[in-house]
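Notes follow the structure.
The values are calculated or read from the model by the stated rules, or taken from the named source; none is laboratory data. Worth saying up front: this structure is predicted, and the values here are computed from it rather than measured. Cβ: placed from backbone, ideal geometry, glycine included. Neighbour counts: every protein chain shown.
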Amino acid sequence: MRKDFPLFQTHLDFVRPFWEKILDQEGSVIDATLGNGKDALFLYRLIRKNQSDAKLYAFDIQDLALEKAKEHFDSEEPGWLEESVVFFKASHDRFEDFQFNHPVVLIVYNLGFLPGGDKLKTTMRKTTLDSLESALSLIAPGGMVSLTCYPGHEEGAEEEKAVYEFLKICPKDTFSITRHEFVNRLKAPVVYFIQKKCQKAPDSTT
Ligand SMILES: C[S@@+](CC[C@H](N)C(=O)[O-])C[C@H]1O[C@@H](n2cnc3c(N)ncnc32)[C@H](O)[C@@H]1O
C-alpha cells in the first residue's frame with residue numbers, strides 16, 4: 001500500500017496497469033530479467049486469469065535468481081502451475097534459441113542487478129540492445145515491450161542512454177514508443193513502453 005502518492009509512487013504504478021491491459025487478451029509473456037521473481041509472479045497471475053495454456057517464460061543468467069524466484073512463487077502462490085511457467089537460465093539476448101507457445105504479447109525488462117545480490121552481475125548495454133532488437137521482432141502485432149532502466153548506477157546510466165538512442169530511431173509507422181520518468185527525483189528509474197502496430201483487419205470486401 002503506497003500511502004503518500006497512491007497514483008504514482010514507484011515505476012510499478014506505471015507499468016502494472018499497462019501489463020494488465022495488454023494481458024486482457026490471451027498470449028504468452030516473457031520476463032527477460034527474472035531476478036527475485038516479483039514481476040514474474042504478478043505476470044503469472046495475469047496470464048492465469050485468462051485460464052488459457054499461455055505461458056510465462058522467464059530468463060536470468062544467475063542460478064541464485066532462479067532459486068529465489070521459485071521460492072517466491074512457492075511462498076506467495078502455493079500450488080502455482082509449473083506447466084504455466086518456464087524458467088531459462090540464459091541470457092535474454094538468446095531468445096532465438098527458444099520456442100514460445102502462443103503469440104508473445106508482452107516482454108518485460110527490469111534492468112540492473114539482483115536486489116541483494118552481486119552488483120557486478122548487472123544487465124549490460126550490448127546484451128540489452130541485442131535483446132531489445134530481437135524482442136521487437138518477436139513481439140506480436142499489438143503487443144508491447146515494457147522496459148525499466150536504472151540510471152542510478154554507472155552501467156545503468158550508460159545503458160539508459162543507449163536504450164534511448166536505439167529507440168528514438170525505431171520506425172514510427174511500426175512502433176509507438178514512450179518514455180516516463182520522475183522529473184523531481186534524481187536518478188529515478190526510467191520506463192519505456194513500446195507497442196508494435198496492430199495487424200490490419202483482413203479486407204472483407206475482397
Ligand atoms: C533488477 S533485477 C530484476 C528484478 C525482477 N524483475 C524482480 O521482480 O525481482 C535484474 C536481473 O537481471 C538479471 N540479468 C542480468 N543480465 C542478464 C541477461 N543478460 N539476461 C537475463 N537476465 C539478466 C540479473 O541477474 C538480475 O537478476
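Across region 119-129, not a single residue is classified as crowded, with 19+ Cβ neighbours inside 10 Å, away from the ligand (no atom under 12 Å from the Cβ), at pLDDT 95 or above and not in a helix (DSSP H, G or I). Filtered by the rule that a residue be out of contact with any Ser or Thr (no Cβ under 7 Å at 6 or more places or on another chain) and farther than 16 Å from F193 by Cβ, region 32-45 gives L34, G35, N36, G37, K38, A40, L41, F42, R45. Mind listing just one residue for me: the one in region 1-51 that is surrounded by 15 or more Cβ atoms within 10 Å (Cβ to Cβ), in a loop (DSSP other than H, G, I, E, B) and more than 16 Å from the ligand (Cβ to nearest atom) and, of those, modelled with the lowest pLDDT? Among residues in region 1-51 that are surrounded by 15 or more Cβ atoms within 10 Å (Cβ to Cβ), in a loop (DSSP other than H, G, I, E, B) and more than 16 Å from the ligand (Cβ to nearest atom), the one modelled with the lowest pLDDT is Q25.
Every condition in (1) under 23 Å from L129 (Cβ atoms); (2) in contact with a strand residue (DSSP E or B) (Cβ under 9 Å, 6 or more places away or on another chain) holds for D93 except the one numbered (2). Figure legend. Inter-residue proximity from region 27-44: first residues over 16 Å from L81 (Cα atoms) and of a type outside the set (S, T, Y), second residues within 9 Å of the ligand (Cβ to nearest atom) and part of a loop (DSSP other than H, G, I, E, B), beta-carbon distance below 6 Å, spacing 6+ or different chains. Indicated pairs: G35/L114. Only one of the listed residues (F98, F88) is surrounded by 18 or more Cβ atoms within 10 Å (Cβ to Cβ), at pLDDT 95 or above, farther than 17 Å from E159 by Cα and touching a Phe, Trp or Tyr at 6+ places or on another chain (Cβ under 8 Å). That residue is F88.
Of these, P202, P103, which one is away from the ligand (no atom under 14 Å from the Cβ) and in contact (Cβ under 8 Å) with a residue 40 or more places away in the chain?
Within the list P202, P103, the selection yields P103.
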